[in-house]
Each structure stands twice: as structure tokens, then as C-alpha cells.
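Shown next, in C-alpha cells, is the structure this report addresses.
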Amino acid sequence: MTHSVINVAVGAAKAAGEMMRRQFDKVGSIPFQHKARHDYVSEVDRACEAEIVREIRRYFPDHAFLCEESGESGEGDIVWVIDPLDGTSNYLHGLPHFGVSIAQQVKGRTEHAVVYDPMRDELFTASRGNGAVLNNRRIRVSNRNDLDGAILATAFPFRQRSKLPRYGRVFQAVFEQVEDFRRAGTACLDLTWVAAGRLDGFFEIGLHPWDVCAGALIVREAGGVVMDFDGNDDVENAGTLIAAPYRVMTPLRQLIHSRWKQPDRTG
Ligand code: IPD
């Protein structure tokens, strides 16, 4: 059963990835709308989401969905949480770094996860308790012991610019301790790259469940820790997230938490 859930999710993710690859050379002429300032949805996001949902419904017609573009549909304990094109802004700018993120939750807990990077043909999968895999090879978080020498990913609060001073305080404190930062623009790949040990950690504010569900399970199954800035495990709905190997998480979360909670008047 486990196997077939993952297989269905992989089939759906690959079908969507193929659509993205085919349209990628039309970048510049792909129609898109603003969902909000600096936040876009393109025809490709919508078409991929419809394809993923159609593919999953062929096998599981009774399951419910929470999708980035179409929202909630159906009812029940089993919910598929889907970001069809994570990194829409990269896609629309012709930056070849975006992904498909599909998770299956049962009674609110993520059981299966697939993240697909169509431009690199990298497929990350995990089922709870069974480890994390990249293209059939087991992956593990990096074995870094602390912040010294770490390369972290982050994202700027482009939707919540009033939080920039607060975020800036966090960023500065962490930047002083690590080797460097990357801001690549696709949360599901930031997470899976932590899982694969390519990055030593990642933090962001303002994420949605569809950005996080699949990647968080993959990090945990690769031996990493995922928490919100307060140290809670329920990151899917928290709005803040840190992912890192355990020994990096301890100093990183302390630093982030102390600067994030520091009182100021800027929001
Ligand atoms: C966004 C990307 C981006 C992150 C945003 C996400 P979308 O997803 O993952 O890296 O900083 O928070 O919402 O909107 O392109 O699916």
C-alpha cells in the first residue's frame, strides 16, 4: 500500500514536471496573474495542479485535497497537500530552479512525500519511518556540528515586508556565525537540499502548508530536525520554519528565537 501511494504521487509529480519542462522555453510569454503584490500564478501552475489532482483521483477518488491554487476540496482523514509549481517566480523569470511538492497526510500527519526537480530530474521521496531517498539512493543531512562553516538557505519576507526589520535582525545574527547564505527561491528544494546534505540548514517566515509538508517529512526521514521558531514540531501551519541537522539546529534555533522575539515597534 505504502508503495502504491508513493508510486501514484511520483507519477503525478513527473507528469507535472514534464509539462513544466515543455513550457519552459516559452518563458516570457506564459500568461500569469497576480495573486497579490509580488505573488504570481501562471497558466502552468494551474495546468500542472489539475494534472496532479486528476492523476491522484484516478487511484484515490475519495481522498481530499489542499492545493496551492484551487484550495481545499473533498473531505476525510486523508488529504493530499500539493504545490504544483513551487518557485513560480523563478519559473516566470526563466530561472531553472523550481519543483513539484506532493504530500499525503493522514489525520493531519504527513505519511508520504514527493518533491520533484524537473530541470535536474531529481526525485526526492520519503514515507514515514522508511528514510529518505533521492533517485533510489538513501540521503542523509550533513554531519556538520555547529554554525561555523555552515552554508544555510533562507528566503526574504517578500510578502510580509513589514517584517523585514525583524527578519533582518535574525539574518544578521545568523550571518555573523556561518560561512554564507543562499536564497534560491524554491522552498521545497531548500528543504530537500538540507535533506541531501547540500545545505546545512534553512529558515524562512511566511510559508504555507503546501510549501512545507513534503519537504519537512523528507528532512526528518533524512535524519534532520524541522521546527518553528518557538521549537514546535507542527511546522505545517506555523508560518515560521527552521530545518537543519540536530547539532546545527540547537545553536541556530536559539539564535533565531532570541532575535525574533526581541521587542521592537516594527511588526
Ligand atoms: C514560494 C517559494 C519561495 C518561498 C515562498 C514560497 P510559490 O512558493 O517556495 O522560495 O520563499 O515563501 O511561497 O509561491 O512559488 O509556490
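Every read-out reported here was derived from the displayed coordinates using simple, explicitly stated rules and does not represent laboratory data. What you see is a predicted model, and the numbers here were worked out from it, not measured in a lab. Cβ: placed from backbone, ideal geometry, glycine included. Neighbour counts: every protein chain shown.
Annotations
- Cut-off under 5 Å, modelled amide H: who pairs with I139 long-range: A132, V133, L134
- Pairwise centroid distance, computed over Cα atoms, of the stretch 129-196 with the stretch 39-72, Å: 27
- If the Kirkwood radius is taken over C-alpha pairs of the stretch 132-265, then at 25 °C and 0.890 mPa s the Stokes-Einstein diffusion coefficient equals 169 µm²/s.
- Label-point separation, Y246 to E43 (7 Å along Cα→Cβ), nm: 5.1
- Taking each DSSP H run with n ≥ 4 as -39500 (n - 2.57) and averaging over every residue of the chain yields -11000 deg cm²/dmol at 222 nm.
- From most to least packed by mean Cβ count within 10 Å, the peptides 236-242, 200-206, 65-71 give 200-206, 236-242, 65-71.
- Global dimensions of the stretch 141-191 from alpha-carbon coordinates: Rg and Dmax equal 12.1, 36 Å.
- In the stretch 1-40, the C-alpha radius of gyration followed by the widest Cα-Cα span (Dmax) gives 15.0, 42 angstrom.
- Look at the Cα gyration tensor of the stretch 197-254: its axes a ≥ b ≥ c give a/c of at least 1.5 with a/b at or below b/c, and that counts as oblate.
- Taking a ≥ b ≥ c as the square roots of the eigenvalues of the alpha carbon gyration tensor, the stretch 1-87 is oblate, as a/c is not under 1.5 and a/b does not beat b/c.
- Highest-first arrangement of 101-107, 113-119, 226-232, 171-177, where packing means the average Cβ count within 10 Å: 113-119, 101-107, 226-232, 171-177
- Within the listed set Y59, Y91, Y246, the residue fluctuating most in the Gaussian network model of the chain (springs between alpha-carbon atoms under 10 angstrom) is Y59.
- Shape of the chain, Cα gyration tensor, a/c cut at 1.5: prolate
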